[in-house]
Amino acid sequence: MIVKSVKRSRIESVDFDNLSFGSTFSDHMFVCDYANGKWGEPQIIPYAPIQLDPSASALHYGQAVFEGMKAYKDDQNDVWLFRPDQNIKRLNKSAERLAIPQFSEELFLKGLSRLIDLDRNWVQSGLGNSLYVRPFMFASEACVQASPSREYRIMIICTPVSSYYNDNQVRVKIADHYSRAPQGGTGYAKAAGNYAGQFYPTQLALEEGYQQIIWTDAATHQYIEEAGTMNLFFRIGDTLITAPTSDSILDGITRKSIIQLAKDRGLQVETRQLAVSELIEAAKNNMLKEIFGSGTAVVVLPIHGFGYKGDEYQLPINEDSVAQMLKSDLTSIQYNQSPDPHGWRVKV
Ligand code: COI
């Protein structure tokens, strides 16, 4: 691996108290190119714009996938990653779906660790602060043929973050017209286009006063899927319900960690399809206690209300919120404040 570090860090120019999610980048980035049927030598170099041919396939056909993960700093100034093996496995799974060649898990984890180590000052301590890490792969061949590219690039960039949403009253709209992902589509992959396709319907929802859309199955709009930047959990009575992963739902790493932590606490967790009608029924009978999202960027995000076909539903204020409890269990592990019984933490 070739490593070229910056002569002078830009960190002093950063106002860490006023970060806007994902718009300030650390000093270095990881880059590796694929050509002639193989990946070349990985490099870590100063963060900078890249040169891309205007005909690069990713720009035309969206042959691109990405990941999201975070590095955390504990009270002893040690830096930790959370289940990074799961991110490279999922990146390769997404890559396969988009006909992008696989990248070595070992090289990824080595490169990631070296990059975070170089930029460790960018990981701010304090619960809620982290360095958001964005690995991505895209088709870079200069060619507008609508077929898989013969050249690719994988990169990892890092951005210091605090919270994802500034609003503390998150309302969501349950989709009854637009769809995120059909059966047999790319919904389970972190394909760039899955996100682009949500922007317009989400803009419309924002104009109606919602921050996000709860996507329903594309065929019937009857079953809850995910929210696009997060998986979803519903507490009905004392049972936590989340949709099973499928062709159209992202296999969230935070999602599966939350399921495990809930089980560790002895909570009843059901991984099953949840019909919108069941949700509405539970809301009307006061059995719907909580809804929350889970994801790397949002961590655990309580949802305060939702809209469906013109009707508005408000969630009760919970003193004993399961979302808060599970968020605290999760972040205590991530920030090295509690034992790590499942071996999820990896020291940088
Ligand atoms: C993440 O949680 O890392 C995501 O992928 C959501 C992202 C679109 C901000």
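Over region 230-309, the Kirkwood radius and the radius of gyration, each from Cα atoms, give a ratio Rg/Rh of 0.94.
Here the simple spin-label model places points 7 Å from the Cα toward Cβ, and for Gln268 and Gln183 these points are separated by 2.9 nm. In a Debye calculation with equal point scatterers on the alpha-carbon sites of region 171-334 and no solvent, what is log10 I(q)/I(0) at q = 0.20 Å⁻¹? The Cα Debye sum returns log10 ratios of -1.42. Each stretch of four or more DSSP H residues adds -39500 (n - 2.57); spread over every residue of the chain, this sum gives -7500 deg cm²/dmol at 222 nm.
Charge tally for Gln334 (other residues, Cβ to Cβ under 14 Å; Lys, Arg +1; Asp, Glu -1): +1.
If you take all C-alpha pairs in region 2-162, what percent of them are over 26 Å apart?
Working: 3682 of 12880 pairs.
Of all Cα-Cα pairs in region 2-162, 29 percent lie more than 26 Å apart.
Projected onto its three principal axes, the C-alpha set of the chain covers 61, 52, 35 Å, listed from the longest axis down.
A Förster radius of 35 Å, combined with the Cβ-Cβ distance separating Glu207 from Asp238, puts the computed FRET efficiency at roughly 0.45. At the listed q of 0.11, 0.20, 0.22, 0.23 Å⁻¹, the Debye profile of region 95-207, built from one uniform point per Cα, gives log10 I(q)/I(0) equal to -0.58, -1.20, -1.23, -1.25. With the cut-off at 15 Å, report for region 259-348 the share of all Cα pairs above it, as a whole percent. Roughly 68 percent, rounded to a whole number. Rounded to the nearest whole angstrom, the semi-axes of the ellipsoid equivalent to region 1-53, taken from the Cα gyration tensor as √(5λ), stand at 28, 14, 9, largest first.
Summary value for the chain: 18 percent relative contact order, contacts being C-alpha pairs under 8 angstrom separated by 6+ residues.
Can you tell me the FRET efficiency between Ser338 and Tyr195 if r is taken as the Cβ-Cβ distance and R0 is 45 Å, rounded to the nearest 0.05? Once rounded, the FRET efficiency stands at 0.85.
Each part reduced to its alpha carbon centroid, region 150-226 and region 60-116 end up 20 Å apart.
Here, each number is a calculation from the coordinates, and none is a lab measurement. The shown structure was predicted, so the numbers you read here are calculated from the model rather than taken from an experiment. Every residue, glycine as well, gets a Cβ built from its backbone with ideal geometry; the counts of neighbours run over all protein chains shown.
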